Structures are given as C-alpha cells and as structure tokens.
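The values are calculated or read from the model by the stated rules, or taken from the named source; none is laboratory data. If you're wondering where the values come from, they're calculated on a predicted model, not measured in any experiment. Every residue, glycine among them, receives a Cβ derived from its backbone with ideal geometry; neighbour counts consider all protein chains shown.
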Amino acid sequence: MRMKKIKGIKFGLLSSKEVRKMSASRIITPDTYGEDGFPIERGLVNQHIGVIDPGLRCKTCGGRMGECPGHFGHIDLEAPIIHIGYAKLIYRILAATCRKCGRVLLGEEEKNIFLEKIKKQRERQVDVGDVVKLVLKEAAKCSVCMYCAEPQQRIKYDKPTAYKEIDEEGKERRLMPSDVRERLERIPDEDVFMFGMDPKNARPEWMVLTVLPVPPVTARPSITLESGQRSEDDLTHKLVDIIRINQRFMENRDAGAPQLIIEDLWELLQYHINTYFDNNIAGVPPARHRSGRPLKTISQRLKGKEGRFRGSLSGKRVNFSARTVLSPDPDIDIDEVGVPEAVAKELTITVNVTERNFDVMRETVKRGKTHPGVNYVRRADGRKIKVTESNYETLADELELGWKVERHLVDGDIVLFNRQPSLHRLSIMAHYVLVMPDKTFRLNPAVCPPYNADFDGDEMNMHVLQTEEARAEAKILMAVQRNIISPRFGRPIIGSIHDYITGLFLFTRGEKRFEKEKVLDVLSKIEVNDLGEPAGTFEPSSGMGVGDAAARPIPYWTEKQIFSMLLPKGLNVEFRGKTCANCIERGEECEKEKCLRDAYVKIEDGNLVCGIIDEKALGSFKGIIIARIFRQYGEEVTKTFIKNVSRLAINYIKQVGFSFGISDEDIPEEGKEQIREEAVHEAEKKVEELIRAYEGGELEALPGRALEETLELLIMQELAHARDDSGDIAERYLGIENPGVLMAKSGARGSLLNLTQMAACVGQQSVRGERIKRGYLGRTLPHFKPGDRSSDAHGFVRASFKDGLSPMEYFFHAIGGREALVDTAVRTSQSGYFQRRLINALQDLEVKNDGTVRETRGTVVQFKYGDDGVDPSKSDSGKFVDIDEVIREAMKAEI
Amino acid sequence: MKKGKDSILEHELVPKHEIAGEEEVAELLDTYKIRKEQLSKIKLSDPVIKEIKAEVDDVVRITRRSEIAGKLLSYRLVIE
C-alpha cells in the first residue's frame with residue numbers, strides 16, 4: 001500500500017445536506033428488534049447502519065459483524081432544534097447581526113479591519129478567538145442597523161436553549177428555533193468570516209439542527225443479559241425518546257393542535273436532544289434510566305479521565321505486561337528484577353529462527369511449556385500454532401528456518417519496570433530479568449528511591465519489550481545504571497539506604513582491626529583480588545592466636561583499608577561528613593584530617609585516609625562519593641561499587657547486630673526529672689510570665705504584629721524551645737551508642753526530632769501554624785476556663801510517645817494530626833493536576849542538535865537549553881563542572 | 001522622585017531591551033538557520049516596545065541576568 005501523507009485537517013459543522021448524504025438509512029420507528037428477533041427495518045438497530053448480531057450481513061456494505069464499521073443513519077426532525085453545544089455562540093451571533101437583513105452590525109471599514117486581522121492571524125497560525133470575541137462584542141453595541149436602518153432589539157439568552165427578544169416597551173417575545181434559523185440563514189457569506197468561520201465548512205444556521213445524525217449501531221451495541229433479555233445502550237434509549245417525541249410533534253401539528261401543546265412538545269424535543277448530546281447541563285435535570293441512573297450520553301462518553309480521549313486513546317491497556325507485589329532482595333544487582341516463574345511462563349519474546357540459533361530454539365521448543373520453553377510457534381506461512389502437551393515434540397521436529405518462536409522470559413532478557421505514580425522519567429527504567437521462584441517481583445532496595453517504592457504491599461508493573469529496536473533503546477537510555485544521577489537535581493538518586501548506611505557507619509567508625517579470616521568474612525560475595533599490605537600485626541602477647549599460632553605475629557587490616565579495597569584506584573574526594581559539627585560556620589578552624597569526630601572524609605588515590613562513611617557519602621539524594629565515581633569511572637564501575645558497598649554493609653551489620661526496640665526509648669528517672677524541671681517546667685513558667693505581662697499591659701508588640709499575635713508568637717517560641725531542650729537532654733541520656741541516635745546521626749532513618757518526640761516530649765500541636773484555639777467559645781475544651789491562655793489549654797503535649805499522652809493531649813494531637821493528613825491529600829491532588837498541565841504544555845518541545853529548544857513549528861523557545869545547555873542528568877548538582885574540584889586536581893598535578 | 005515620568009526601562013525587574021541591528025539579525029538568523037518568524041514574538045503594544053520605539057518587523061535583543069547562565073541574550077520579533 002502506498003503511504004499517504006496528511007495534508008491538513010479541516011474542522012467544520014455538518015449541514016443538513018451533508019447529514020443526509022452520509023446517512024445510510026432514514027430512521028422512523030423507535031423500535032429496535034421485532035417479534036421474530038430480527039432488527040426492524042427503518043428502526044434504530046436496522047441492518048443498513050451496521051451489524052452487531054453474528055451471522056447477519058450489513059445491507060449497506062455487505063460486511064459481517066466485525067468487518068462492517070457501521071454507517072450513520074438520520075432522523076428528520078419535524079421542527080428545528082438548537083444544538084446545545086453552540087447555544088451560547090448562537091446567542092452572540094444573534095446579538096451581533098441585524099434582525100432584518102442579517103448583516104453584522106459594524107461599518108464597512110471596521111469590518112475590513114477585522115477581516116484583515118483574522119486573515120493575518122490565520123496565516124501566522126494564531127488563534128483568532130480574541131478577534132472574534134471583539135467583533136461580537138462591538139457589533140452587539142449597535143442599536144440601529146447601518147445597512148437597512150432597522151432598529152435592533154435586545155436579545156436575551158435563557159439557559160440552556162431559549163432566546164427572547166425584548167422590544168422598546170420591555171416586552172419579551174420568544175424566538176423559536178425556526179426563527180433563529182431563519183435569522184442565521186440571512187447572514188451573508190462575507191459576514192460569516194467575521195465569526196472566524198468559513199461558510200464553505202460552517203454556516204451559522206447549521207448550528208440549528210433540522211436533521212439529526214444517528215450513530216451506527218456498532219457505536220451503541222446492545223448487550224444480551226443472562227436471562228436472554230436484550231439491554232439497549234444508553235444512546236439508543238435516548239434516540240428512542242427523540243423519535244417518539246418527534247412523531248408526536250408531527251401528529252399533533254398535522255391534527256392542528258393548539259399552539260400551546262405544539263410548543264410544549266417542541267420544548268420536550270429540545271430537552272431530549274439536549275440531553276442526548278450532554279446529560280450534565282447546569283440547571284437541567286439529567287435524563288434518567290428506568291432504574292433512576294442518569295444516562296451516559298455523547299458528552300459523557302468523551303469527557304474526563306475515563307472518557308474516550310484520556311481513557312481510550314491516550315491511555316490503553318496493553319499486552320506483554322505483568323503486575324504483582326514487590327519484595328526486597330539485596331542479593332540481586334541494582335539493574336536486575338526478580339520475576340516469578342509464573343510470570344516468566346506467561347510473557348513471551350518472539351524470536352526468529354535462524355541458522356545461528358536453530359539448535360537452541362529447537363531445544364527450547366522441545367521443552368514445551370516447562371519453564372524456559374515456548375507458548376506459540378509461528379510457521380513461515382504465518383500460521384500461529386499453540387504449543388500444547390501433545391504437540392510440542394512434533395513441533396520441535398518440524399521446526400524450520402524462518403519460523404518464529406514465542407519463547408518464555410529467561411534470565412538476561414531486558415524489560416521495563418514501572419511504579420505509579422510515574423512522576424519522573426526514573427519511574428520507568430529497564431531491568432534485566434532474573435527468573436525466581438514464588439510470586440513477587442524482587443527489587444534491590446538501593447533502587448527504591450527513584451521509584452519511591454517500599455515493601456509494605458507496593459505493586460509494580462513490568463513490560464516486556466517486543467522488538468530489537470526497543471530493546472536497544474531501553475538498554476542505552478533506560479538502564480538503571482544510566483540513571484544513577486537524577487535529572488532532577490544532578491546528584492545520585494540511587495545509593496545506600498537504611499541499614500546499609502547504618503552498617504557502613506558502624507563499620508567505618510572508630511579504629512578496628514581485622515585479622516585475615518575476618519577480612520575475608522566481611523568481604524564475602526565481593527570481588528577483591530588483593531588485600532594489600534596489612535596495616536600491622538598483633539603482638540604475640542595479645543592473645544589473638546591459639547597454640548602454635550600464639551607465638552607468631554598475626555597481621556591485621558583496618559576498617560578504612562577494607563573499605564578502600566572497594567574504591568577504584570585514582571579516586572580523590574574530600575568533604576565534610578554528616579557528623580561534622582560545622583566548626584567553620586561557628587568561626588573556628590576545620591581540623592580536617594585531625595577532626596576529633598572523624599567527620600572529615602578524605603579519599604586519596606582510592607584510599608580512605610580518614611572519615612566516617614555516612615548518608616552524605618553514599619546515600620541516595622546526596623551520595624558525594626557515588627557522584628564522583630560516576631563522573632570519573634562511568635556507570636558500570638558505579639554499579640559494581642554500589643553493589644559491593646551494599647554487601648560490605650550487610651556483612652558487617654549482620655556480624656555486629658543492630659536492632660531498635662521500645663526500651664531504646666527509655667530515659668532514666670533522673671533524666672525524666674531533668675526534662676520535666678529544666679525544660680518543660682521552665683518554659684511553662686516563662687509562658688505564664690508572658691501571659692501575666694500581656695494581661696498587665698506590659699508586653700510590647702513586635703513590629704508589624706498586634707499585641708495578641710506577639711504573645712502567641714512568643715509563647716510558641718518558648719514552647720518550641722522547651723521541646724528542643726528536652727530533646728537535647730534526652731539525647732545526652734540516650735547516649736551516642738543508642739541505635740536510634742545512631743540511625744539519626746548516620747542519616748539512615750529518622751531524625752533527632754523523631755527521637756525527642758518518642759523519648760522526651762511531643763511538644764506543641766498546631767493548626768495552620770498557630771496554637772490550637774478552636775472548639776468552644778473562648779476555650780478549646782470544657783475542661784478549661786474561658787480565656788485560659790496557658791500552654792496546656794492550647795495543645796502543648798508535655799508527655800512523650802513512650803510515656804503516653806493524657807486524654808486531652810491525645811485529643812490535641814489528633815487535631816494536629818488530622819490537619820497533616822488533609823494537607824497531604826490536598827497537596828497530592830493539586831500537584832497532580834499542576835503536573836498534568838505542565839506536561840501538556842511542554843510535551844512538544846524538543847532540544848535540537850544545535851542546542852536550541854524548539855516547538856513543532858520550529859519556533860525557537862530557548863536559544864540554549866536551560867540557558868546553559870547543561871543536561872542535569874550529566875551534571876554535577878546542576879553545574880557543568882565542579883570548578884573547585886577541577887582546580888584542586890590541577891594544583892595536585894603541578895606539585 | 002518625579003511622578004509618572006520614570007521610564008520602565010529603569011526598573012530593576014525589566015531586562016534590557018534594544019533594537020537589534022540588521023547585521024546582527026542576519027547573523028542570528030544564519031547561526032540558527034531560521035526565518036524571522038521562528039523567533040519568539042512580542043507585541044507592539046508591549047510597554048517596553050513602546051518605550052524603545054521599536055516597529056513591527058524589528059527584532060529586539062533582550063539582555064537578561066540569569067542565575068545559571070550569567071548574562072543571557074534572547075531575541076524577539078515585534079508583531080502587531
């Protein structure tokens with residue numbers, strides 16, 4: 001078939017003539033099926049406009065069910081009807097044209113200016129909406145026609161589809177649709193251009209229907225219920241209504257019924273046609289099914305998220321995909337995904353049988369449907385054969401070159417892995433398959449951050465790529481290791497999380513000595529070929545060896561040495577770790593290598609000289625070391641590094657053990673006493689003083705604040721202080737070795753605030769950033785006196801979560817908690833909509849080869865992408881290079 | 001300060017707008033291999049355009065301070 005090119009798309013209105021021309025059948029009976037069970041001739045399901053019954057043939061094109069796409073029919077309306085979709089425009093046009101001669105109420109000159117403007121904007125492909133709006137507005141101001149001198153009357157639009165004319169005495173006269181149509185017909189072609197219409201494609205009077213197109217039955221198929229009864233589509237129901245009323249209108253009119261009855265029927269017909277187009281019109285009761293359910297008519301089919309556009313065209317359900325629960329597996333690589341065997345047996349990849357893979361393919365077919373087998377084979381003539389228990393052996397023997405084999409997924413196949421909401425491009429990445437037992441997808445926990453996944457029941461989707469091109473593209477662009485650096489902020493988004501950080505923190509902290517066996521143990525499952533020179537030897541007297549060995553010196557390696565074995569040679573990094581006390585910011589000198597906390601990390605030629613490894617070094621979102629390795633050595637080295645580091649962390653933390661229990665939140669009685677007295681009680685006393693000062697009129701207002709606001713602000717400050725102080729005291733009593741403190745300090749999970757709230761004091765609850773003040777008149781709860789401003793009357797929780805909250809504290813906490821919940825719910829829906837709008841606005845922009853950003857017409861939007869031409873996913877925190885680092889390197893080279 | 005007499009060009013939030021010379025425009029169009037119509041547009045009624053008295057079909061050079069790029073040049077075609 002010859003490829004055809006789309007030259008253009010034309011939008012317009014359907015004229016009555018056109019509707020009749022495309023109609024295959026004029027429909028006059030509201031009935032569908034006759035007593036014989038066959039569609040009724042000239043009925044709504046007649047055989048000229050499409051077939052939905054198996055075995056029947058279309059009387060228009062001769063096609064069977066499935067072949068015949070369906071054909072439009074039509075209903076001749078006995079009276080003109082306003083098209084609801086154009087009701088507003090009709091009103092505007094009526095108001096802008098003469099009631100007698102139909103010309104647009106503007107002077108010749110003005111008209112020409114507007115016409116010229118419209119023409120120019122059309123050429124420039126700019127929307128002419130604003131000009132048209134202006135035309136309609138200006139023309140509506142005229143009171144006497146400048147062409148036929150007819151005085152104009154004011155037009156009133158009564159929603160949804162009625163128009164009235166008001167004469168000079170203020171009397172209203174209804175304009176029936178027939179009057180409206182007549183008026184629109186009078187508008188001359190040259191004036192139609194002024195409404196932004198082309199009279200060849202859209203004449204105004206075509207907005208008033210005289211004939212209604214009937215969609216083919218294929219667009220509104222009836223379904224047969226289990227009881228054998230037929231249930232018609234909502235659209236068919238609506239069309240039945242229309243035909244009935246249309247017929248009654250005709251009968252009444254022909255019988256010479258009174259005008260009142262005719263108008264009522266006309267109105268009813270209008271209502272049915274309105275709701276046929278849109279059953280959700282403001283101020284109109286929706287048409288309902290017998291059961292009371294509102295009917296789903298044309299507009300409802302198209303509109304919204306589940307509508308034809310967003311639901312069926314932009315988004316569809318797809319084949320070759322799987323979805324199941326996610327669980328962690330730290331032993332697989334970051335670019336792998338564990339796929340359940342059941343899934344691997346269902347999803348297939350089509351392989352062409354060639355000389356080179358013939359033997360392998362024959363073996364595969366020979367296995368039949370047992371795992372690395374096949375589901376279908378396709379012979380050279382294109383016939384598809386299902387592989388069954390009984391035929392697989394014959395098929396394997398018959399296998400020939402040129403056949404196609406739909407084989408199961410096997411280890412190493414590349415697939416796309418996705419977790420909703422897909423907010424950024426890292427929400428879909430390419431993974432390599434690893435077929436595994438059981439029923440869940442397995443994922444390396446280091447890849448959780450880009451997907452924002454956890455394992456509390458999350459499900460993910462997998463898509464199997466079907467063409468070689470797609471596989472190549474996925475491998476080059478979407479592989480996990482390609483996307484270690486996030487395009488969002490130019491730093492690693494994949495890195496150690498949770499226990500890996502704790503493990504490395506514990507491992508690299510303090511001075512440890514490992515004899516050979518221990519080194520090998522901690523390095524198990526990691527490829528290290530050379531342990532290098534040991535850092536020293538245990539003295540024979542240290543009691544390390546047993547028996548003969550006790551006399552011999554035993555070599556040992558330090559933790560920093562072992563960590564260095566994972567680092568690539570030539571790597572140089574220096575930075576201040578997370579435990580840094582910010583000496584510089586406090587005006588003191590940074591001790592660097594001699595830092596007492598060992599917070600200064602220095603890596604020289606791939607050797608960890610000093611420093612504790614924490615979240616800042618290897619975590620996702622920060623990962624300074626990962627970022628450096630990625631830039632210097634590339635994705636593969638980084639991938640192995642992350643894998644090795646994870647294994648080291650697990651090996652070590654498994655050895656020393658790490659847990660956090662409820663007793664880890666315990667603080668000795670004296671500590672609790674101290675928190676009560678020094679922090680909470682002190683603050684409460686100060687708050688009382690503030691209140692006394694306020695009531696005594698001694699309090700001075702802060703600039704820009706009312707006196708009461710000042711008081712509230714100071715109280716809030718004081719109470720926040722109380723919580724921080726109690727946190728500090730708690731931290732002292734918990735000690736640095738407390739697992740909670742360890743996790744917070746290393747950045748593995750949680751913060752000191754979390755610990756404070758659990759162990760010491762929950763603190764002030766707030767609603768909209770203020771203390772809680774709503775509830776009863778002048779008080780929050782009936783337990784307090786009206787006007788009580790004390791801390792406990794406005795939601796200060798002195799207890800810790802561990803100690804437990806008093807009933808009142810509990811209630812205040814619930815108030816604050818609910819606000820947080822509502823906020824997140826509102827935020828997600830708002831940001832979701834905002835993102836949708838952004839994506840729709842930006843989706844056609846493209847970075848061209850010359851670095852410019854252009855839209856589809858080739859208009860330059862930006863002369864340089866992002867103004868600096870930097871791809872953030874290849875940048876260093878969004879910068880082209882880290883200048884300081886470059887200089888440091890250059891200086892080193894010189895020395 | 002004089003009331004209502006200050007030029008908007010003086011305002012710190014208004015980047016520098018100048019009418020680009022013919023040569024400059026030719027070079028620009030040649031560098032990016034584009035037609036004038038492929039530039040971003042700015043309306044003749046824009047206060048800045050009135051201020052610098054540019055006319056339809058002129059190209060204005062806009063010099064912005066940018067946090068990422070330092071000095072940033074962009075061009076716009078004046079339309080009706």
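In the stretch A:857-869, of all residues being in a loop (DSSP other than H, G, I, E, B) and more than 7 Å from every other protein chain (Cβ to nearest Cβ), the one that is farthest from B:Lys71 (Cα to Cα) corresponds to A:Arg857. So, A:Ile629, is that one assigned by TED's automatic domain parsing to the domain that holds A:Arg509 and modelled with pLDDT of 90 or more or not? Yes: the conditions hold for A:Ile629.
Mind listing whichever residues of the stretch A:407-427 are surrounded by fewer than 18 Cβ atoms within 10 Å (Cβ to Cβ), of a type outside the set (Gly, Ala, Ser) and touching a strand residue (DSSP E or B) at 6+ places or on another chain (Cβ under 7 Å)? First the steps, then the outcome.
Residues of the stretch A:407-427 that are surrounded by fewer than 18 Cβ atoms within 10 Å (Cβ to Cβ), as a first pass: A:410-412, A:418, A:420-425, A:427.
Next, only the ones that are of a type outside the set (Gly, Ala, Ser) stay: A:410-411, A:418, A:420-421, A:423-425.
Those that are surrounded by fewer than 18 Cβ atoms within 10 Å (Cβ to Cβ), of a type outside the set (Gly, Ala, Ser) and touching a strand residue (DSSP E or B) at 6+ places or on another chain (Cβ under 7 Å): A:Val410, A:Asp411, A:Asn418.
For A:Gln674, the stated conditions hold: it is within 23 Å of A:Phe796 (Cα to Cα), in contact with a helix residue (DSSP H, G or I) (Cβ under 9 Å, 6 or more places away or on another chain) and either of a type in the set (Ser, Thr, Tyr) or at pLDDT 90 or above (or both).
Among the candidates A:Lys345, A:Lys369, which residue alone is within 43 Å of the chain's Cα centre (by Cα), in the same structural domain as A:Thr467 (by TED's automatic domain parsing), part of a loop (DSSP other than H, G, I, E, B) and basic (Lys, Arg)? Break it down stepwise before answering.
Details: A:Lys345 fails: part of a loop (DSSP other than H, G, I, E, B).
Checking each option against the conditions leaves just A:Lys369.
Of everything in the stretch A:846-856 that is in contact with an Asp or Glu (Cβ under 9 Å, 6 or more places away or on another chain) and not hydrophobic (A, V, I, L, M, F, W, C), the residue that is nearest to the other protein chains (Cβ to nearest Cβ) is A:Arg854. Pairing residues of the stretch A:680-692 that are of a type in the set (Val, Ile, Thr) with residues that are in a helix (DSSP H, G or I), at Cβ distances under 8 Å and at least 6 apart in sequence or on separate chains, gives A:Val680/A:Ala722; A:Val680/A:Ser726; A:Val687/A:Ile715; A:Val687/A:Glu718; A:Val687/A:Leu719; A:Ile691/A:Leu711; A:Ile691/A:Ile715.
Find the residue count for the stretch A:592-614, including only residues that are at pLDDT below 85 and either surrounded by 13 or more Cβ atoms within 10 Å (Cβ to Cβ) or not in a loop (DSSP other than H, G, I, E, B) (or both).
Step one: list which residues in the stretch A:592-614 are at pLDDT below 85, which gives A:592-597.
In the following step, the residues that additionally are either surrounded by 13 or more Cβ atoms within 10 Å (Cβ to Cβ) or not in a loop (DSSP other than H, G, I, E, B) (or both) were identified as A:592-595, A:597.
The qualifying residues number 5.
Looking only at the stretch B:49-68, count how many residues are farther than 19 Å from B:Glu24 by Cα and in contact (Cβ under 8 Å) with a residue 40 or more places away in the chain. Don't jump to the end; show me each part of the working.
Going residue by residue through the stretch B:49-68, those that are farther than 19 Å from B:Glu24 by Cα are B:50-51, B:65-68.
After this cut, where a residue has to be in contact (Cβ under 8 Å) with a residue 40 or more places away in the chain as well, the list is B:51, B:65.
Here the count works out to 2.
Considering (1) within 10 Å of chain B (Cβ to nearest Cβ); (2) within 27 Å of A:Pro492 (Cβ to Cβ), the lone condition that A:Pro872 does not fulfil carries the number (1). If you go through the stretch A:422-454 and pick out every residue that is under 26 Å from A:His371 (Cβ atoms) and not charged (D, E, K, R), you end up with 14.
Looking only at residues in the stretch A:131-150 that are of a type outside the set (A, V, I, L, M, F, W, C) and exposed (fewer than 12 other Cβ atoms within 10 Å of the Cβ), which one is farthest from A:Thr856 (Cα to Cα)? Reasoning before the result, please.
From the stretch A:131-150, those of a type outside the set (A, V, I, L, M, F, W, C) are A:133, A:137-138, A:141, A:143, A:147, A:150; that's our starting set.
This time we only want the ones that are exposed (fewer than 12 other Cβ atoms within 10 Å of the Cβ), so: A:141, A:143.
On the way: A:Lys141: 40, A:Ser143: 45 Å.
That would be A:Ser143.
Inspection of the stretch A:9-18 finds no residue satisfying the criterion of being buried (at least 18 other Cβ atoms within 10 Å of the Cβ) and more than 45 Å from the chain's Cα centre (by Cα).
Are there strands (runs of 3 or more DSSP E) fully within chain B with at least 2 residues that are away from chain A (no Cβ under 13 Å)? List them. Spell out how you get there, then give the answer.
Numbers: elements: B:16-19, B:40-43, B:59-66, B:70-79.
Counting at least 2 such residues, we get B:16-19.
Just one of the numbered conditions (1) within 14 Å of chain B (Cβ to nearest Cβ); (2) on the phi < 0 side of the Ramachandran plot is not true of A:Leu842; which one? Every listed condition holds for A:Leu842 apart from (1). Among the numbered conditions (1) under 16 Å from A:Arg789 (Cβ atoms); (2) over 41 Å from the mean Cα position of the chain (by Cα); (3) surrounded by 20 or more Cβ atoms within 10 Å (Cβ to Cβ), the only one that A:Ile729 does not meet is (1).
Counting only residues that are acidic (Asp, Glu), surrounded by 13 or more Cβ atoms within 10 Å (Cβ to Cβ) and either within 14 Å of chain B (Cβ to nearest Cβ) or farther than 29 Å from A:Ser620 by Cα (or both), how many does the stretch A:875-895 have?
So the answer is 1.
No other residue among A:Asn375, A:Asn357 is assigned by TED's automatic domain parsing to the domain that holds A:Met462 and touching a residue at least 12 places away in the same chain (Cβ under 8 Å) apart from A:Asn375.
Out of A:Ala679, A:Ala693, one residue alone is among the small types (Gly, Ala, Ser) and in contact with a Leu (Cβ under 6 Å, 6 or more places away or on another chain). It is A:Ala693.
None of A:Ala820, A:Ala890 is in a helix (DSSP H, G or I), at pLDDT below 90 and of a type in the set (Gly, Ala, Ser) except A:Ala890. Taken over the stretch A:24-57, the criterion of being among the aromatic types (Phe, Trp, Tyr) and assigned to a loop (DSSP other than H, G, I, E, B) is satisfied by A:Phe38 alone.
Residues that are surrounded by fewer than 16 Cβ atoms within 10 Å (Cβ to Cβ), within 22 Å of A:His424 (Cα to Cα) and in contact (Cβ under 8 Å) with a residue 60 or more places away in the chain within the stretch A:825-874 comprise A:Gly832, A:Gln835, A:Asp871, A:Lys874, listed in sequence order.
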